[in-house]
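To start, the structure under review is shown below, and the notes come after it.
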Amino acid sequence: MPYTDNIRKVTPYVPGEQPKVTGDLIKLNTNENPYPPSPKVKQAIEALPVETMRLYPDVTAAPLAKALAAYHGLKEEQVFVGVGSDDVLATCFLTFFAGKKPVLFPDITYSFYDVWAELYRIPYETLPLTEDFRIRADDYKRENGGIVIANPNAPTSIAQPLPFIEEILTENHDSIVIVDEAYVDFGGETALPLLKKYKNLVITRTFSKSRSFAGMRIGYAMADETLIEALNNVKFSINSYTMNCTAIAYGVASVDDEPYFKKTIAKIVATREKTAEALRELGFTCLPSSANFLFASHKNVPAEEIFTYLKSRNIYVRFFKKPRIDNYLRITIGTDAQMERLIAELRGFLETK
Ligand code: PMP
């Protein structure tokens, strides 16, 4: 048997392109925040003694877990911190989906879920969204080994209200339900109030979008203490020291600046609404967004053509060549000036059609 037979075969997740941001390039393809992190983070960077790096960091990122617990009104033991929510979600898949029944999630959702399921050999089934890209609660009332719902969903940008999440939870006491709230700060309704009532609920969040920390890599999960303990047991079986000391310190500084956080989000939401309106005037349909991006389709011109044109003009948006969504563009909300240039480029292009 050749040694290559022993190599695990995987089809990896493909993230959006990361072109060098130089000159007039506008990057609206990976849902990053166009604004810098809180000025308090800059102060934390200057205040962190280099000496700290000599020592291993705290195994549970305790200062950050404590800050997040206080922020959300939870116990420190209810928070698990990881290297971005991808790390947190991957650990959740490995920890909570060890059964034989299929894990359920929508056919159109964050395209990392099936990659982790394949990697960890977790059985799964995807359930189609409705024609108008909504999740149907009834689909999740059947035997399963777990459920994953992104709320707001990606790349659709559509949020489901809290009673929808509770409906899924009431029907699924015997499986773990993960609610991925990567985009919740931009207008979704959090499942946090349900944590007390449902011991099988896990909520994941990220600092990458609303806290402008995509490059710093911080994500976290909130759940009952027993579930957090299970996550830590799995994590300690792979790599105890996932969070470096700088990320822990800067994360705490970010959580500490609520006014800046709120102000940045309000700006992005205002720009989103303005951009959606301008896109509609140009003949696009935008799904109702509760996220920091729009999912838009033009009535006449194919999405791929628009994507290619924008790229030639140094504007990067995301296009998924996948069934059902291959006539849509996912457009991250940038600054007002960036979105005005996007609209101007689109107007110019569409006039030639
Ligand atoms: N969940 C969803 C729905 C996302 O879109 C993303 C961003 N790609 C993530 C999780 C992961 O984000 P991060 O690892 O940067 O926290």
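Loop-only check: which chymotrypsin sites (Phe, Trp or Tyr not before Pro) in region 207-245 are DSSP coil with at most 15 other Cβ within 10 angstrom?
236, 241
Mind telling me which of 276, 150, 137 comes out most flexible in a GNM of the chain, alpha-carbon contacts under 10 Å?
Of 276, 150, 137, the most mobile in the Gaussian network model is 137.
Relative to the Cα centre, what is the charge dipole magnitude of region 39-256, using +1 at the beta carbon of each Lys and Arg, -1 at the beta carbon of each Asp and Glu, and rounding to the nearest 20 debye?
In debye, rounded to 20, region 39-256 gives about 480.
Convert 10 °C to kelvin, take the viscosity as 1.306 mPa s, use the Kirkwood radius over C-alpha pairs of region 148-285 as Rh, and evaluate the Stokes-Einstein diffusion coefficient in µm²/s, rounded to a whole number.
94
Pairs of alpha-carbon atoms within less than 8 angstrom and 6+ residues apart define the contacts here; what relative contact order does region 23-151 have, in percent?
Over region 23-151, the number comes to 19 percent.
Can you give me the orientation-averaged projected area of the convex hull built on the Cα atoms of region 89-186, in nm²?
5.8
Solvent-accessible area per residue for region 39-256 at a 1.4 Å probe radius, Å²?
42
To the nearest 0.05, how large is the calculated FRET efficiency for residue 40 and residue 4 if R₀ is 51 Å and r is the Cβ-Cβ distance?
Efficiency at R0 = 51 Å is approximately 0.50.
Of all accessible surface on the chain at a 1.4 Å probe, what whole percent is carbon and sulfur?
54
Enumerate by residue number the trypsin sites (Lys or Arg not before Pro) in region 202-248 meeting two conditions: DSSP loop (anything except H, G, I, E, B), and at most 16 other Cβ atoms within 10 Å of the site's Cβ.
Those that pass, being in a loop and sparsely packed, number zero.
At residue 132 and residue 352, where each label point lies 7 Å from the Cα along Cα→Cβ, what is the point-to-point distance in nanometres?
3.6
Just tell me which aspartates and glutamates come within less than 19 Å, Cα to Cα, of residue 322; anything on the same chain fewer than 8 places away is out.
List returned: 17, 107, 114, 118, 125, 131, 132, 304, 305.
State the antiparallel share, in %, of DSSP beta bridges confined to region 141-261, rounding to the nearest 5.
40
Take the chain, connect every pair of alpha-carbon atoms lying under 10 Å apart with a spring to form a Gaussian network, then pick out the residue of 257, 87, 132 with the largest mean-square fluctuation.
Taking springs between Cα atoms under 10 Å, the residue moving most is 132.
Using the Cα gyration tensor of region 242-353, with a ≥ b ≥ c the square roots of its eigenvalues, what is the shape: rounded (a/c below 1.5), prolate (a/b larger than b/c) or oblate (neither)?
Cα axes put region 242-353 in the prolate bin.
Mind checking the full-extension length gain between residue 62 and residue 263? Use 0.36 nm per residue of separation minus the Cα-Cα distance, one decimal, nm.
69.6 nm
Over all distinct alpha-carbon pairs, what is the Kirkwood Rh of the chain in angstrom?
Taking every pair of different Cα atoms in the chain, averaging 1/r and inverting gives 21.3 Å.
Could you work out [θ]222 nm for the chain from helices alone, using -39500 (n - 2.57) per DSSP H run of at least four and dividing by all its residues? Round to the nearest 500 deg cm²/dmol.
-10500 deg cm²/dmol
If the elastic network links every pair of Cα atoms under 10 Å, which of 178, 315, 45 fluctuates the most in the Gaussian network model of the chain?
45
Evaluate the relative contact order of region 87-155 (contact order divided by residue number), counting alpha-carbon pairs under 8 angstrom at least 6 apart; express in whole percent.
Relative contact order here is 43 percent.
Kindly work out what percent of the DSSP beta bridges joining two residues of region 39-256 are antiparallel, to the nearest 5.
40
Identify all lysines with a Cα-Cα distance to residue 199 below 22 Å; exclude those on the same chain that are fewer than 8 residues away in sequence.
Within the straight-line cut-off, residue 199 pairs with 66, 75, 100, 101, 141, 235.
Under the definition of Cα pairs under 8 Å and six or more residues apart, what whole-number percent is the relative contact order of region 219-308?
Contact order relative to length: 14 percent.
The values are calculated or read from the model by the stated rules, or taken from the named source; none is laboratory data. None of these values were measured; they are calculated from a predicted model. Every residue, glycine as well, gets a Cβ built from its backbone with ideal geometry; the counts of neighbours run over all protein chains shown. The area values use the complete protein model at the heavy-atom level, side chains included, leaving out ligands, DNA and RNA. Shrake-Rupley method; radii C 1.70, N 1.55, O 1.52, S 1.80 Å.
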